[in-house]
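Report on the structure given below.
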Amino acid sequence: MFKFYNTLSRTVEEFHPNEEGKVSMYTCGPTVYHFAHIGNIRTYIMQDVLLKSLEYAGYDVKRVMNITDVGHLASDADTGEDKMVAGAKREHKTVMEIAKFYTDAFFKDFDAVGNKRPDVVEPATNCIPEFIHMVETLLEKGYAYLAGGNVYFDTSKLEDYYVFSSSVEKEALEVGVRDDVEEDTNKKNKTDFVLWFTKSKFEDQALKWDSPWGVGYPGWHIECSCISMKHLGEYIDIHCGGVDNIFPHHTNEIAQSEAYLGHKWCNYWFHSNHLNDQSGKMSKSKGAILTVSVLQEKGYDPLVYRFFCLQSHYRKPLVFSYENLDNAVVAYNKIVKRVSELKAEGTVDESVKTEFENKFREAVSNDLNTSMAVTILYDALKADTNDATKLAIIESFDRVLSLDLIGHAKALSEAGTSVDSEFEAFINDAIARRAEAKKAKDFATADAIRDELLAKGVEIKDTREGVVWKLV
Ligand code: AMP
Ligand code: ZN
């Protein structure tokens, strides 16, 4: 039985999709005004684990994701500048250039950490007619109103707007909304939100479209409702995002979707917790952005970052530090080393393999217990069975873990075997000294060690497989 925490019921629930054996899954995609930091990527890794765990449990999953390339303002309360416009100004480019550049950068990192691409990826700017249609329907049904040229959703028309929150949390949210400094005087209720802007404080919005209410552009939340309905229909099983999406984004998505449809929309809401650094939550608007690509440039394998994320539970905040990441490097390399020592000899013992697969399935089906899944991987490596069986088990687990353990192990065993053992020991020692220097952020020494090796005819390279070397 597959179980995970449903933010809507605030409990770990057994999962029952609308259609037996099939899952429709929607993911809020990135706002492409800047690089996705490693915190954002943690969220996408955990969603990928959810998808692959469901597949491991036998479900056929269809996953859809949007790309936010218009309408997400600096403040979630519909105030401030459009983040995309701010990004374009910052870099003296057009909004579409910014969107293309950061969408490509996002997928480079998304892929590098072993994620499977969603079946459908749709930018918000592709779906303007769908947004207009939904806004028109909400107006016809009396859930929306025009004020000051903009169209707003009227939250007072709903019996329960704060669907995710307990009564105590509701009070806190109400205070927060009431105290929001920038007030939009067009709103009838503080919690109302913009469905379509024609007039706002900023005149220089780059992308605008004709609409029945004048030339304008959509509010942020409408895209996820429309893009999900366009590709997954009126009922979806799972909607995913980070915990910061719960309010107001997902709360507003539910308000408008259910008002539009006239019935319940999505049964399960999956939220993963944040990655923090020592100074708090990582955020795109806060100084230098640490990306997976930056980690890679520093010599870290992106799959080690994935391994680092898998070692802790998705519902707990995770603190990033280089020290923690270095511990993950050591643990990951040890696993790869052990896998590289396995010989593909003998026949697979199917009963042992099934026994391990069942344990593994149980772990990932139990609210994505990924650290337990990793423990089961260690157990499999230690198990009293032949190497062929162990390799088959690792291959099977990697359908969910996506750590490319066998590929890395092969690369490790193929890397440089054509030198005598004394020279090999020297090379390995130099690689270790260089890793130490990098850890201490002494990049000058690290570079000097690389040059020293090169002078001796050995070229080293930081690759997805870790540090590899070849004779030149
Ligand atoms: P954004 O591009 O800002 O819309 O965010 C993309 C995804 O990353 C959303 O699902 C956010 O909830 C999530 N997210 C934002 N900040 C963090 C963080 N520090 N750690 C983990 N996920 C985050
Ligand atoms: Zn969304």
Considering every residue within the range 62-76, establish whether at least one is of a type in the set (A, V, I, L, M, F, W, C) and more than 16 Å from ligand 1 (Cβ to nearest atom). no
Of the residues in the range 334-358, those that are in a helix (DSSP H, G or I) and surrounded by 15 or more Cβ atoms within 10 Å (Cβ to Cβ) come to Ile335, Val336, Arg338, Val339, Ser340, Val352, Lys353, Glu355, Phe356, Glu357
Which of the residues that make up the range 104-126 are outside any helix (DSSP H, G or I) and either out of contact with any strand residue (DSSP E or B) (no Cβ under 6 Å at 6 or more places or on another chain) or over 24 Å from Leu232 (Cβ atoms) (or both)? Val113, Gly114, Asn115, Lys116, Arg117
Of the candidates Phe270, Phe247, the one satisfying the condition of being at pLDDT below 95 and either among the hydrophobic types (A, V, I, L, M, F, W, C) or in the same structural domain as His34 (by TED's automatic domain parsing) (or both) is Phe247
Residue under question is Tyr5, and the condition is that it be surrounded by fewer than 21 Cβ atoms within 10 Å (Cβ to Cβ), within 16 Å of ligand 1 (Cβ to nearest atom) and either modelled with pLDDT of 95 or more or not assigned by TED's automatic domain parsing to the domain that holds Leu403 (or both); does it hold? yes
What are the pairs, 6+ residues apart or on separate chains, where a residue within the range 209-225 that is under 27 Å from Ile246 (Cα atoms) has its Cβ under 6 Å from a residue that is among the acidic types (Asp, Glu)? His221/Glu253; Cys224/Glu253; Ser225/Glu253
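Inspect the range 271-290 for any residue being of a type in the set (Asp, Glu), within 16 Å of ligand 1 (Cβ to nearest atom) and within 30 Å of Ala144 (Cα to Cα) and give the result as yes or no.
Checked the range 271-290: no residue is of a type in the set (Asp, Glu), within 16 Å of ligand 1 (Cβ to nearest atom) and within 30 Å of Ala144 (Cα to Cα).
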Write out, first by first residue and then by second, each pair whose Cβ atoms fall under 7 Å of each other, whose residues are 6+ apart or on separate chains, and whose first residue, in the range 37-63, is modelled with pLDDT of 95 or more while the second is of a type in the set (Ser, Thr, Tyr) and part of a helix (DSSP H, G or I). Ile38/Tyr305; Val49/Thr370; Ser53/Ser365; Ala57/Ser365
Among all residue pairs at least 6 apart or on different chains, which show Cβ distances below 8 Å where the first residue, located in the range 359-375, is touching a residue at least 24 places away in the same chain (Cβ under 8 Å) and the second is charged (D, E, K, R)? Ser365/Lys3; Asn366/Lys3; Asp367/Lys3; Asp367/Arg315
Can you give me the number of residues within the range 141-158 that are over 17 Å from Gly214 (Cα atoms) and either part of a helix (DSSP H, G or I) or not hydroxyl-bearing (Ser, Thr, Tyr) (or both)? 8
From the options Thr27, Thr79, Thr31, Thr43, residue that is surrounded by fewer than 17 Cβ atoms within 10 Å (Cβ to Cβ) and not assigned by TED's automatic domain parsing to the domain that holds Glu357: Thr79
Pick from the range 8-35 the residues that are among the hydrophobic types (A, V, I, L, M, F, W, C) and at pLDDT 95 or above: which of them is farthest from ligand 2 (Cβ to nearest atom)? Val12
Restricted to the range 220-242 and to residues being in a loop (DSSP other than H, G, I, E, B) and more than 13 Å from ligand 2 (Cβ to nearest atom), the residue surrounded by the fewest Cβ atoms within 10 Å (Cβ to Cβ) is Gly233
Of the numbered conditions (1) in contact (Cβ under 8 Å) with a residue 40 or more places away in the chain; (2) away from ligand 1 (no atom under 16 Å from the Cβ); (3) of a type in the set (A, V, I, L, M, F, W, C), Ala331 satisfies every one except a single condition; which is it? (1)
If Met84 satisfies every condition in (1) more than 22 Å from Ser211 (Cβ to Cβ); (2) in a helix (DSSP H, G or I); (3) within 12 Å of ligand 1 (Cβ to nearest atom) but one, which is the exception? (1)
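Can you report the number of residues in the range 51-72 which are of a type outside the set (D, E, K, R) and within 16 Å of ligand 2 (Cβ to nearest atom)?
In the first step, residues of the range 51-72 are kept if they are of a type outside the set (D, E, K, R); the result is 51, 53-54, 56-59, 61, 64-68, 70-72.
Next cut, within 16 Å of ligand 2 (Cβ to nearest atom) only: 64-68, 70-72.
Qualifying residue count, the range 51-72: 8.
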Go through the residues of the range 244-267 one by one and say whether even a single one is within 11 Å of ligand 1 (Cβ to nearest atom) and not in a helix (DSSP H, G or I). no
Considering (1) in contact with a helix residue (DSSP H, G or I) (Cβ under 6 Å, 6 or more places away or on another chain); (2) part of a helix (DSSP H, G or I); (3) charged (D, E, K, R); (4) surrounded by fewer than 18 Cβ atoms within 10 Å (Cβ to Cβ), say which one Lys190 fails and leave the rest. (2)
Yes/no for Phe101 being among the hydrophobic types (A, V, I, L, M, F, W, C), away from ligand 2 (no atom under 16 Å from the Cβ) and either under 26 Å from Phe360 (Cα atoms) or not in a strand (DSSP E or B) (or both): yes
Counting just the residues of the range 291-306 that are hydroxyl-bearing (Ser, Thr, Tyr) and buried (at least 18 other Cβ atoms within 10 Å of the Cβ), which one comes out farthest from ligand 1 (Cβ to nearest atom)? Tyr300
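The values are calculated or read from the model by the stated rules, or taken from the named source; none is laboratory data. Note that this is a predicted model, so its numbers are computed, not measured. Methodologically, a virtual Cβ is constructed for each residue, glycine included, from the backbone with ideal geometry; neighbour enumeration extends over all protein chains shown.
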